[in-house]
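Chemist: Starting off with a structure, shown below.
The values are calculated or read from the model by the stated rules, or taken from the named source; none is laboratory data. Because the structure is predicted, anything quoted here is derived from the model rather than measured. All Cβ positions, even for glycine, are placed from backbone atoms using ideal geometry, and neighbour counts span all protein chains on display.
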Amino acid sequence: MTYRPRPSLAWPPDHRPPISAIACGPPHTQVEHLRNGFLQPNARLLPAAGVMKGMLVEMRTGEVHGVDLTMVDAYRWSKEVQPIHLEKHKYVQMSEVFDIFVFDFADAKVEQQIEEMEVVCSRDGRVSALIIWFDLILDEEIVTSTSPFGEPERSIGLGQGVIFLQPAECRVKRGATVPLVAATNGSELAFTINEDKLTRKSEVEVMGATRFDPRWEGARANLDDAWKKMLTNLSYSPKGFKTMQDAVMRLAAQPTTFGITPFVAERCALTFLSE
């Protein structure tokens, strides 16, 4: 089977899928919902399949307007895949492009997948992050992509996804292999370095400085746990829940009056509205 890029695929501005659907996560979750009740039995799915591609990169802040900001690299860490247009950022490619997941939208079920890979580094340096994107197979001949290397007129133009690897960035030698583990449950992605496979001979050294402040992460986890417990307790008290809901709506309507950031007030209000 031979694939050729589609000459042009122009999405109308108001009809483009969200970046998170293609650039940052498995799109077959949405396809699964469509198949269960929205599509005719003989419907043809486009794209028919997708391949998640990836490459390791070195991404460091360096100097900005003459100011050395390398210290902030330790705080760029995030658990989630973030959208990015790679052509707008400085980076060093540290590996060849490799396949991560293959999705058959016509037959595959939304289920957990785990892939363990040995990614060979193509140069000396530091592996900071993983860049991911999709090749979308429309039919037996036509393929389009969100690749950062494609010609603009031949790509979807939705950008890519970036995730800074856990537990930290690595110092590597050319030819070294990074043991990368990729996992998805159909709607979320996770990537990590398998430290159990690292040895002195592997020429991969996990840097001592973590990419996040552990105190901040602990405080965030405690706050999230307290919030869930509060909502659980309120669910057993309709009157208390109504009182809390009214208070939250009032804060959301006038956040600055109470010294609350509008974005935080909005997120809090949406939590109660979803209930």
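Chemist: Is it fair to say residue 104 is in contact with a strand residue (DSSP E or B) (Cβ under 8 Å, 6 or more places away or on another chain) and at pLDDT below 80? Show your work before the answer.
Modeler: Working: in contact with a strand residue (DSSP E or B) (Cβ under 8 Å, 6 or more places away or on another chain): yes; at pLDDT below 80: yes.
When the stated conditions are applied, residue 104 passes them.
Chemist: Related question: Consider residue 226 carefully, then state whether it is at pLDDT 80 or above and not assigned by TED's automatic domain parsing to the domain that holds residue 114. Walk me through it before giving the result.
Modeler: Numbers: at pLDDT 80 or above: yes; not assigned by TED's automatic domain parsing to the domain that holds residue 114: yes.
So residue 226 passes the test.
Chemist: In the range 109-129, which residue that is assigned to a strand (DSSP E or B) and among the β-branched types (Val, Ile, Thr) is nearest to residue 60 (Cα to Cα)?
Modeler: Ranking the qualifying residues of the range 109-129, first place goes to 127.
Listed here are the residues, each with its yes/no results for (1) assigned to a strand (DSSP E or B); (2) in the same structural domain as residue 48 (by TED's automatic domain parsing); (3) in contact with a strand residue (DSSP E or B) (Cβ under 6 Å, 6 or more places away or on another chain); (4) over 20 Å from residue 103 (Cβ atoms).
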residue: 131; (1), (2), (3), (4): yes, yes, yes, no
residue: 135; (1), (2), (3), (4): yes, yes, yes, no
residue: 140; (1), (2), (3), (4): no, yes, no, no
residue: 144; (1), (2), (3), (4): yes, yes, yes, no
residue: 147; (1), (2), (3), (4): no, yes, yes, no
residue: 150; (1), (2), (3), (4): no, yes, no, no
residue: 163; (1), (2), (3), (4): yes, yes, yes, no
residue: 181; (1), (2), (3), (4): yes, yes, yes, no
residue: 191; (1), (2), (3), (4): yes, yes, yes, no
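Yes/no matrix, rows are residues, columns are (1) within 24 Å of residue 188 (Cβ to Cβ); (2) in contact with a Pro (Cβ under 8 Å, 6 or more places away or on another chain); (3) without any contact (Cβ under 8 Å) to a residue 40 or more places away in the chain; (4) loosely packed, with under 13 Cβ neighbours inside 10 Å:
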residue: 71; (1), (2), (3), (4): no, no, yes, yes
residue: 82; (1), (2), (3), (4): yes, no, no, no
residue: 90; (1), (2), (3), (4): no, no, yes, yes
residue: 98; (1), (2), (3), (4): yes, no, no, no
residue: 129; (1), (2), (3), (4): yes, no, no, no
residue: 137; (1), (2), (3), (4): yes, yes, no, no
residue: 144; (1), (2), (3), (4): no, yes, no, no
residue: 147; (1), (2), (3), (4): yes, no, no, no
